[in-house]
Amino acid sequence: GFILKAALGEMSDIALKGQFAIPKKLLENRFKFQFEHLREALHDLFFITDSNRTPHLLYETRQWLQMPVEKAFEFFCSEKNLEKITPPHMNFKVQNKSTKEIGKGTLINYKLSIRGVPARWRTLIDEWNPPHSFSDEQLIWPYSKWLHTHKFSAAACGTWRRDDVQYSLPLGIAGRLAAGWFVKKDINAIFNYRRKKIGELFTNLQH
């Protein structure tokens, strides 16, 4: 601290104590903030709750499809179609599911390859709101959390589909530091492939 004080004088307070800035005009006009404190905003951004104190990473992607919402939902909620839009090198295969028709509470088992390592994946359909959204949550390996929410909304004579993925790696901060960068790279590559493949498939379906 004394080095900063010697170098910056009174301005060192900005570095040592912080800059106590107030949005005076907004407060005077009784603007209502969604979050009044930074802690609340960060907890919402990283999905931290009283029961779960682990911050999660978030991956989002959107794609417009020239197709009604009902048709888009029908395609994406089919576990077999997931095989079609997953990169071939992952050897992704559906093994079985717990119910004949997919819906809330359905368990689905897959096998796949992650960077050449054989793996198994089990998901639970924990939200089911046709034709607008559904969510699948990973129950078995490799993430400590993986919650994928698929959303569909009508727009411009077609459908906006949106993927929201909340995920976190094993071992907390240590896991993120050790593997976070290439995990994010892999996730991005998977969803980029998916976007491209979906574009091709839906173009063919239109014809």
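The values are calculated or read from the model by the stated rules, or taken from the named source; none is laboratory data. Since this is a predicted model, take the numbers as computed values, not measurements. So basically every Cβ, Gly included, is an ideal-geometry build from the backbone, and we count neighbours across all protein chains shown. Surface areas here come from the heavy atoms of the whole protein model, side chains and all, with no ligands, DNA or RNA. Shrake-Rupley method; radii C 1.70, N 1.55, O 1.52, S 1.80 Å.
Here Pro55 passes the criteria (1) exposed (fewer than 13 other Cβ atoms within 10 Å of the Cβ); (2) modelled with pLDDT under 90 except the one numbered (1). Checking each residue in segment 163-174 for being crowded, with 17+ Cβ neighbours inside 10 Å and part of a strand (DSSP E or B) picks out Asp163, Val165, Gln166, Tyr167, Ser168.
Number of residues in segment 184-207 that are modelled with pLDDT under 85 and either of a type in the set (Val, Ile, Thr) or open to solvent by 60 Å² or more (accessible area, probe 1.4 Å) (or both) equals 5. In segment 106-133, the residues that are in contact (Cβ under 8 Å) with a residue 40 or more places away in the chain and under 15 Å from Ser78 (Cα atoms) form Cβ pairs under 9 Å with partners that are small (Gly, Ala, Ser) and surrounded by 15 or more Cβ atoms within 10 Å (Cβ to Cβ), at six or more places apart or across chains, as follows: Pro131/Ala72. When Trp160, Trp121 are screened for being surrounded by fewer than 17 Cβ atoms within 10 Å (Cβ to Cβ) and either touching a strand residue (DSSP E or B) at 6+ places or on another chain (Cβ under 9 Å) or of a type in the set (Gly, Ala, Ser) (or both), only Trp160 passes. Within segment 15-32, not a single residue is surrounded by 15 or more Cβ atoms within 10 Å (Cβ to Cβ) and either at pLDDT below 80 or of a type outside the set (Gly, Ala, Ser) (or both). When you check Lys111 against the structure, is it touching an Asp or Glu at 6+ places or on another chain (Cβ under 7 Å) and open to solvent by 70 Å² or more (accessible area, probe 1.4 Å), yes or no? No.
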